[in-house]
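A.B. asks: Before anything else, here's the structure in question.
Computed from the coordinates by the stated procedures, all read-outs in this text should not be read as laboratory data. This one's a predicted model, so the numbers in the text were calculated from it and none came from an experiment. FYI the Cβ positions are ideal-geometry reconstructions off the backbone, even for glycines, and counts take in every protein chain you see.
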Amino acid sequence: MSYEPKIVGFLCNWCSYTGADLAGTSRIQYPPNIRIIRVMCSARIDPTFVVDALAKGADGVLICGCHPGDCHYSEGNYKAMRRFPLLKKLLQSYGVEDDRVRQTWVSASEGQRFADVVTDMTERVRALGPSRIHAALLADQRER
Amino acid sequence: MGQLKIGVYVCNCGTNIAHIVDPDAVRETAAQLPDVVIARSYRYMCSNPGQEMIIKDIQELGLNRVVVSACSPRMHERTFRAACKAGGLNPYLCDMANIREQCSWVHADRLMATEKAVGLTRAAVNRVRWQEPLDGLTAEMCASTLVLGAGIAGLTAALELALAGHPVYLVEKTDRLGGNLARVDLTAPYLDSARDLLTERLEHLRENPNIKVMLNSELKNLSGFIGNFSATVGTHNGHEPPEEKTFHVGNVIVATGYREFDASRVTHYGYGKLPDVITSFEFEQMLRSGRIQTKSGRAPQYVAIIHCVGSRSREFHGYCSRVCCMTALKYAHEIKSALPESHVCDVYIDMHAFGKGCEDFYRTSSEVKTLFLMYGKNEHPVIRKADPKDDCGMLIEVDEKLSGERVEIPADLVILMVGMEARPDALEVARLVNISADKDGWFIESHPKLDPVATTTDGIYIAGTCAAPKDIPDSVAQARAAAGRIMARIAKGKIEIDGVFAEVDGDRCSGCRMCNELCPYSAIEFDADKRRSHVIPAACKACGACVAACPSGAIKGRHFTDQQICAQIEGVLA
C-alpha cells in the first residue's frame, strides 16, 4: 500500500471548523488524510499539542483560526500567531521539516479555501514522506 | 472516575453518511474499544426513535458516557446533549464525532472515509472518558434592548419589543429615521407608497414611551454578555467630543442596513460624465419630486433602465442584490403613468422575480409595452452620447442575447439599477458587537437556514440588509423574528450560562497575572491579598487563551482540558 500521511488539524470552532463544515455542506472534496480536532479558539492550541501529535505519529499538523482581525474572541488568533514562530524554531532544531507544521487562517465562509489548504498540505507532507519523530521515539523507548 | 460505561451511536443520516462510510464497520470497531458497553448504528440518530435509543440505554444499561458519530456538533450537539439530559446524564458527558460534514460529504473513497470515521469515533471515545459533569450558571436577563439602525428593520424590531412593554434604545447614525426606505417613492410589486409604510411605523414609534430614540449616534463600546451587556453610545450634538452615555441592555439587534453601490466605479456607463445617466436612487428622488426630466429640464422620450450595476459581476459584487429587478419594473410603471408617450427599455441579464406577487408584476409590466433586452453577464451594454442629428441624447449598444443581434437603442435618460453593498463601517460594527462578516461584508448568521437572525454571539441578533440584500417583507420578517427571539429570552426571566469556562487552580497559581492581561473580556481578576487570580465564570467566554498561556499550568479550560485534547490526538493517530 502506498504511503498515506496522517495529518492532525486543530481548528477553531467559530471560523475554521465552521469553514470545514461548509466545505462539507458544499460537497467540496479533499484528501481524507486529515483528522480534525475542534478547539474554541486558535489561542487554546498549546504548542505541546503539536509536539504531542508529532510524537504520537502525525506526519503533519495543521493549525487553523479566524483571519487576523476577525477572531471571535477579538484577538485570540494574534496570540496563536505570536506563539507559532517559537514553536517552529523549536521543531526546526529537532529536524522537523518546515512543511510538516503549518498555521493558516480559514473563515467560516471559506469552505473552498479549507479544502485547498488541506489538499496542498497533504501533497506537501506526502512529498516529505513519513515523519521520523514517532519512529525515533519508539526506538528510543526500546533502548531504554 | 469509577466504572466507565460508554455508549457509541453511529448515524447513517439516511444515505448521507452511509453511502460513503460503512456505519457497521464503525460500530463494530467502536464496540471493541475499552469501556464501550454498547455500540449501535441507526438511520437517523437525531430522530425521536434515535434519541429514545440513547435515553433508554442510559437508563437500562447505566451508561455514563455517550458518543454520537454523526453530523457536525455545530448541527446537533444540543440535540444529543438534551437527549443525555433526558436520560438523566449530565449533558457534558456526551461527545460527537463529525463523520458527515468532515468525512462522508468531502471524501469519495469508501475505505479511507470509513477508516477516518473509525479514527474520529475512537478519538471521541477517548475524549469522552475524560469529560466531566458540568453545571451551568444562571444570570439575570435585562429586559432592555439596544437596536442599531432605524431603517425599516430597526424600526420594526424596536416597535415590536416596545409594544410588548420592553424598553428599547434605538440608535441611529444619521439625523433622521427611516433609513434607505425613506429615499424610495413607491414599492414593488404592489406599488404601495414607501412614505405610507414608514409613516405608519413612525406614528406608533412617537406614541410609544418605551422607545428612546438616539439620532446622530453610534455605538462606541459593548461589553458583558447576554442579559447583561453594557453599551456606550456616543451622540454628536454639535459639540466635540460626542456626548457619551452608557446603559445596561440584555440583547442587541444589529439592523445597520446597506449602502448603494457607487455607480462611478463602472466606467463604461459614463456615470458622473454623461449628465443624464443617473442611479436608481437619484431617480427615486425625481419620482418623489413628481418631475421626471433630463438635466436640461425636458421630459425624456426614451428611458433605458440598466440592471445589475455592481451586482452579479466578476469585477464588483458576485451576488444578486435581489430588489433591483422588481424596482426596475416599478419604474416602468411609474414612467408610463407619468409620461404615457415615452418608451421604456429594460436592459437586463436575467429577470429575478422570485417573491410573492413578483411574477405577476413581471407579466403586467411586460403588458405596459416595456421593451426587454437581455445582455450577457460579462458583455455589458455601452452608452455613448448621440449625434445632434439623432432624435435622442444617448445611444446604447447591447449585444442582445435572445436575438443574437447587436442592437442600438436611443435614450434620453438612463437609470442604473445600483445594487446593495455592505456599509463601509460594517467591519467596525462587527468588531464592536463581536460577530463575523463574510467576504462581502454581510454579517454572518448563526445558521443560514435554521437560525437566520441569531449570530454566533449569544444575545446579538441581525436583521434586514446588514446580513445580505433583501426586500422589505424579508427585512420586516427578520426584524420581527429577532424581536420574537429576544422576547422569548426575556419571558424566561433568567438566562442559563454554559458550563464551559476557565477555572484557576488556586494552589498552582503563582500570581504572575499574565492571564489578567491576556483575557479579552477582563474575566480574570487578581486577588491582591491571596496573590492569586480567579475567573469570573459569567464573563468568561471559554476561548482558552489563558489556559494555553499559563506558565504554571494552573488554568483548566472546562470541557477542553489538556487531557481531553491529548486523548483525542491519541485516538485519531492510533
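A.B. asks: Let me spell out the model: positive unit charges on the Cβ of Lys and Arg, negative unit charges on the Cβ of Asp and Glu, origin at the Cα centre of the protein assembly as shown. What dipole size does that give, in debye rounded to 20?
C.D. replies: Dipole about the Cα centre, nearest 20: 1500 debye.
A.B. asks: OK, next. Counting other Cβ atoms within 10 Å, keep those with at most 16, restrict to DSSP loop, and tell me which trypsin sites (Lys or Arg not before Pro) in region B:466-574 are left.
C.D. replies: Passing both the DSSP loop test and the Cβ count: B:Arg508, B:Arg513, B:Lys530, B:Arg531.
A.B. asks: At 0.36 nm per residue, minus the direct Cα-Cα distance, what do B:Met514 and B:Glu282 gain on full extension? Give it in nm, one decimal, please.
C.D. replies: Separation in residues times 0.36 nm, less the Cα-Cα distance, equals 77.9 nm.
A.B. asks: Moving to a separate point now. Considering only DSSP beta bridges where both residues belong to the protein assembly as shown, give the percentage that are antiparallel (nearest 5).
C.D. replies: Here the share of antiparallel DSSP bridges comes out near 40 percent.
A.B. asks: Of B:Lys212/B:Lys356; B:Lys173/B:Lys220; B:Lys212/B:Lys245; A:Lys56/A:Lys88; A:Lys56/B:Lys85, which pairs sit farther than 23 Å apart, going by alpha carbon to alpha carbon?
C.D. replies: Going by Cα-Cα distance, B:Lys212/B:Lys356; A:Lys56/B:Lys85 fall outside the 23 Å limit.
A.B. asks: How compact is the protein assembly as shown by the rule of thumb for globular proteins, expressed as Cα Rg over 2.2 N^0.38 Å?
C.D. replies: Cα-based Rg divided by the globular estimate yields 1.10.
A.B. asks: Residue by residue through region A:24-30, what is 3J(HN,Hα) from phi via Karplus (6.51 cos²θ - 1.76 cosθ + 1.60, θ = phi - 60°)? Round to whole Hz and write x for glycine and proline.
C.D. replies: Karplus-based 3J(HN,Hα) across region A:24-30 equals x, 5, 8, 6, 7, 7, 8 Hz.
A.B. asks: Using the charge dipole of region B:54-211 (Lys, Arg: +1 at Cβ; Asp, Glu: -1 at Cβ; taken about the Cα centre), state which of B:Gly87, B:Val168, B:Val128 has its Cα farthest towards the positive end.
C.D. replies: B:Val128
A.B. asks: OK, next. Looking at region B:6-136, what % of the alpha carbon pairs are farther apart than 20 Å?
C.D. replies: When every Cα pair of region B:6-136 is considered, 35 percent fall beyond 20 Å.
A.B. asks: Restricting to Cα atoms and excluding each atom paired with itself, what does the Kirkwood estimate give for region B:138-190 in Å?
C.D. replies: 12.5
A.B. asks: Still on this structure, please answer the following. Per DSSP helix of 4 or more residues, -39500 (n - 2.57); summed, then divided by the residues of the protein assembly as shown. What does that give at 222 nm, rounded to the nearest 500?
C.D. replies: One gets -10500 deg cm²/dmol as the mean residue ellipticity at 222 nm.
A.B. asks: So what's the gap between the Cα centers of region B:361-386 and region B:242-318, to the nearest angstrom?
C.D. replies: That distance is 19 Å.
A.B. asks: Could you pull the Cα extents of chain B along its three principal axes, largest to smallest, in whole Å?
C.D. replies: Result for chain B: principal-axis Cα extents of 95, 61, 41 Å.
A.B. asks: Can you compute the charge dipole magnitude of chain B about its Cα centre, using +1 on each Lys and Arg Cβ and -1 on each Asp and Glu Cβ, nothing else charged? Give it in debye, rounded to the nearest 20.
C.D. replies: 860
A.B. asks: For B:Leu450, project a label point 7 Å along Cα to C-beta. Then give me every residue of region B:462-476 with its amide nitrogen under 19 Å of that point.
C.D. replies: Under 19 Å, as judged by backbone N against the label point of B:Leu450, lie B:462 of region B:462-476.
A.B. asks: Here's a follow-up. What does the average come to when, for each residue of peptide B:222-231, you count the partner chain Cβ atoms lying within 10 Å of its Cβ?
C.D. replies: 0
A.B. asks: Also: Quote the relative contact order of chain A in percent (integer), defining contacts as alpha-carbon pairs under 8 Å separated by 6+ residues.
C.D. replies: Worked out over chain A, it gives 36 percent.
A.B. asks: Quick one: if you take sqrt(5λ) for each eigenvalue of the C-alpha gyration tensor of region B:502-557, what semi-axes come out, biggest first, whole angstrom?
C.D. replies: So the three semi-axes of region B:502-557 are 15, 12, 10 Å.
A.B. asks: Which of A:Pro31, B:Gln478, B:Met394 sits farthest toward the positive end of the charge dipole of the protein assembly as shown, with +1 on the Cβ of Lys and Arg and -1 on the Cβ of Asp and Glu?
C.D. replies: Of A:Pro31, B:Gln478, B:Met394, it is A:Pro31.
A.B. asks: I'd like to know how region B:439-528 sits against the 2.2 N^0.38 Å rule of thumb: what's its Cα Rg over that expected value?
C.D. replies: Taking N as the residue count of region B:439-528, the ratio is 1.57.
A.B. asks: Oh, and also: Once the Cβ-Cβ distance between B:Ala574 and B:Lys377 is put in as r, and R0 is 41 Å, what FRET efficiency do you end up with, to the nearest 0.05?
C.D. replies: That gives a FRET efficiency of 0.20.
A.B. asks: Considering the dipole of chain A built from charges on the beta carbon (Lys and Arg +1, Asp and Glu -1) around the Cα centre, which of A:Cys41, A:Ser74, A:Leu90 is farthest to its positive end?
C.D. replies: Final value for the positive-end residue is A:Leu90.
A.B. asks: Could you tell me what fraction of 2.2 N^0.38 Å the Cα radius of gyration of region B:260-419 comes to, as a two-decimal ratio?
C.D. replies: Against the compact-globule rule of thumb, the ratio is 0.96.
A.B. asks: Rounded, prolate or oblate: pick one for region A:7-143, where a ≥ b ≥ c are the square roots of the eigenvalues of its C-alpha gyration tensor, a/c under 1.5 means rounded, and failing that, prolate if a/b is larger than b/c, else oblate.
C.D. replies: Oblate shape, in that a/c is at least 1.5 and b/c is the bigger or equal ratio.
A.B. asks: A follow-up question, please. Once R0 is set to 45 Å, what does the formula 1/(1 + (r/R0)^6) return for the Cβ-Cβ distance between B:Leu61 and B:Arg314, expressed as a FRET efficiency to the nearest 0.05?
C.D. replies: 0.15
A.B. asks: Run the numbers on region B:260-419 and let me know its relative contact order in percent, using alpha-carbon pairs under 8 Å that are six or more apart.
C.D. replies: Here the relative contact order equals 32 percent.
A.B. asks: Can you compute the charge dipole magnitude of region A:2-125 about its Cα centre, using +1 on each Lys and Arg Cβ and -1 on each Asp and Glu Cβ, nothing else charged? Give it in debye, rounded to the nearest 20.
C.D. replies: 320
A.B. asks: Further question on the same structure: Note down, for region A:85-144, the three equivalent ellipsoid semi-axes (square root of 5 times each alpha carbon gyration tensor eigenvalue), biggest first, whole angstrom.
C.D. replies: 29, 14, 10
A.B. asks: I've got another one for you. Roughly how many Å is it from the Cα centre of region A:1-62 to that of region B:30-80, as a whole number?
C.D. replies: Computed from Cα coordinates, the inter-centre distance equals 24 Å.
A.B. asks: Something else about it: With a cut-off of at most 13 other beta carbons within 10 Å, and DSSP calling the residue loop, which chymotrypsin sites (Phe, Trp or Tyr not before Pro) in region B:176-272 qualify? Please list them.
C.D. replies: Filter output for region B:176-272: B:Tyr190.
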